[in-house]
Amino acid sequence: NILPNEITYCSHPSEEKFLKITRKYINDLFSSVSNGAENIMVDQVVPSTNISRYLRYFDNINVIIVDRDPRDVFCLEKYVWKDGMVPTDVKTFCKWFKYTRYGRNNELKNDEVKFIQFEDLIFKYNDSVKKIENWLGLSSNDHVKARKIFNPQISIKNTQTWKQYSCDPAEIKYIEDNLSEYLYDFK
């Protein structure tokens, strides 16, 4: 099956023109769904790595990176999510986890990027919300759906999952030994 000849149109704008047009497109796209809201939140609008590359496409954006204890990521993938995006061989998982977080410290040097631990959103909810509000220049009155979209009392069941499921203690120990700097201190 050969496709029929088709005319293809191409363009090669300058980087400056490409960024200008892209920003306008994104602004128009978000304006069409924001119902006039001054702030909108979009889940995963940019990847959590190489963020600086993507910030260029927006006129005004703040990015919050939320990460969680690697023991939970491993356990949830292996026993709950099973979507194949996260390795479930423990050695491969540890390499993958480190690799995908390799440049994080550089990303966090950007004032438009904030890191927050998933577990802090649960166990230190009020403090975490206040930090986010302060960083974004919002007041507590701007938080109109507190505990409705994200409810820490519900999400707490998604922490320390390696204790809830039949996780191999040797795999959890391997993660603890190899990813110690990423572990959440539940004490």
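The values are calculated or read from the model by the stated rules, or taken from the named source; none is laboratory data. Everything numeric in this text was worked out from a predicted model, so none of it was measured. We place every Cβ from the backbone using ideal geometry, glycine too, and count neighbours over all the protein chains shown. Accessible surface is based on the protein model in full, side chains and every heavy atom, while ligands, DNA and RNA are left aside. Shrake-Rupley method; radii C 1.70, N 1.55, O 1.52, S 1.80 Å.
Overview of results
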quantity: Selection within the stretch 1-49 - among the β-branched types (Val, Ile, Thr) and closer than 30 Å to residue 101 by Cβ; calculated: 22, 26, 40, 42, 45, 46, 49
quantity: So residue 102, is it under 21 Å from the mean Cα position of the chain (by Cα) and either surrounded by 13 or more Cβ atoms within 10 Å (Cβ to Cβ) or closer than 16 Å to residue 63 by Cβ (or both); calculated: no
quantity: Elements of type helices (runs of 4 or more DSSP H) in the stretch 50-138, at least 2 residues being of a type in the set (S, T, N, Q) and either more than 30 Å from residue 21 (Cβ to Cβ) or at pLDDT 95 or above (or both); calculated: 90-100, 125-136
quantity: Set 7, 26, 51, 65: member being in contact (Cβ under 8 Å) with a residue 24 or more places away in the chain and either open to solvent by 100 Å² or more (accessible area, probe 1.4 Å) or in contact with a Leu (Cβ under 9 Å, 6 or more places away or on another chain) (or both); calculated: 65
quantity: Residues (closer than 22 Å to residue 125 by Cβ and surrounded by fewer than 12 Cβ atoms within 10 Å (Cβ to Cβ)) located in the stretch 164-187; calculated: 185, 186, 187
quantity: Residue within the stretch 73-82 that is open to solvent by 60 Å² or more (accessible area, probe 1.4 Å), farther than 16 Å from residue 176 by Cα and under 17 Å from the mean Cα position of the chain (by Cα) present; calculated: yes
quantity: Pair list, Cβ under 6 Å, 6 or more apart: the stretch 72-98 residue closer than 23 Å to residue 186 by Cα, other residue of a type in the set (A, V, I, L, M, F, W, C) and not in a helix (DSSP H, G or I); calculated: 75/167; 77/86; 94/179; 97/179
quantity: Lone unmet requirement of (1) in a loop (DSSP other than H, G, I, E, B); (2) free of Cβ contacts under 8 Å to residues at least 12 places away in the same chain; (3) of a type outside the set (Ser, Thr, Tyr) for residue 17; calculated: (1)
quantity: Any chance residue 144 is among the β-branched types (Val, Ile, Thr), open to solvent by 30 Å² or more (accessible area, probe 1.4 Å), farther than 27 Å from residue 50 by Cβ and more than 15 Å from the chain's Cα centre (by Cα); calculated: yes
quantity: Filtered residue count, the stretch 143-163, keeping only those that are assigned to a loop (DSSP other than H, G, I, E, B) and touching a residue at least 24 places away in the same chain (Cβ under 8 Å); calculated: 3
